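J.: Mind having a look at this structure? Questions to follow.
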Amino acid sequence: MVIYHVNNVIHMKIINDDQFKETIESGERTLVLFSAEWCGPCKIIKPALEKLEGEISEELKIVKADIGEAEKSTKNFNIRNIPTCVIIEGENEIARFSGVKNLDQIKDFLKEHQILN
């Protein structure tokens, strides 16, 4: 896996269905951004998540699942709108939100669900 760091921002890994399965099997707490390249709101939230990953990469892994490349996972997690962020640990969904949030709103969401202190 190649992760690029630019100005303390990590460019998140993009996963397909096979990699999604590996992510679940790893048991790591992971935030999955379900999105698409053509989605305007997805492009708005992505930089906030990349900045967040640079700040908390040891507490929470963040990956992007393109709905076209991860169709099975998108269906399995009943994704109806994008962007949707789903926090998983193993096979369990911990929480989710849909739509655009800024960095502070995402951090508040993670604190609300006891993922960040």
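The values are calculated or read from the model by the stated rules, or taken from the named source; none is laboratory data. These figures come from a predicted structure and were not determined experimentally. Backbone-built Cβ (ideal geometry, glycine too); neighbour counts: all protein chains shown.
J.: So which pairs qualify, if the first residue must be in the range 54-70 and under 15 Å from residue 110 (Cβ atoms), the second must be surrounded by 15 or more Cβ atoms within 10 Å (Cβ to Cβ) and of a type in the set (S, T, N, Q), the Cβ gap must be under 8 Å, and the two must be at least 6 apart or on different chains?
T.: Partner pairs satisfying both residue conditions: 60/30; 61/23; 61/30; 62/30.
J.: Looking only at the range 58-105, which residues are touching a strand residue (DSSP E or B) at 6+ places or on another chain (Cβ under 8 Å) and part of a helix (DSSP H, G or I)?
T.: Selection gives 73, 74.
J.: So, in the range 77-103, exactly how many residues are closer than 11 Å to residue 30 by Cβ, surrounded by 18 or more Cβ atoms within 10 Å (Cβ to Cβ) and either of a type in the set (Gly, Ala, Ser) or out of contact with any helix residue (DSSP H, G or I) (no Cβ under 7 Å at 6 or more places or on another chain) (or both)?
T.: The total comes to 3.
J.: Answer with yes or no whether residue 115 is farther than 14 Å from residue 33 by Cα, in a loop (DSSP other than H, G, I, E, B) and β-branched (Val, Ile, Thr).
T.: yes
J.: Among (1) part of a helix (DSSP H, G or I); (2) at pLDDT 90 or above; (3) over 24 Å from residue 116 (Cα atoms); (4) not acidic (Asp, Glu), where does residue 38 come up short?
T.: That leaves (1) as the condition not met.
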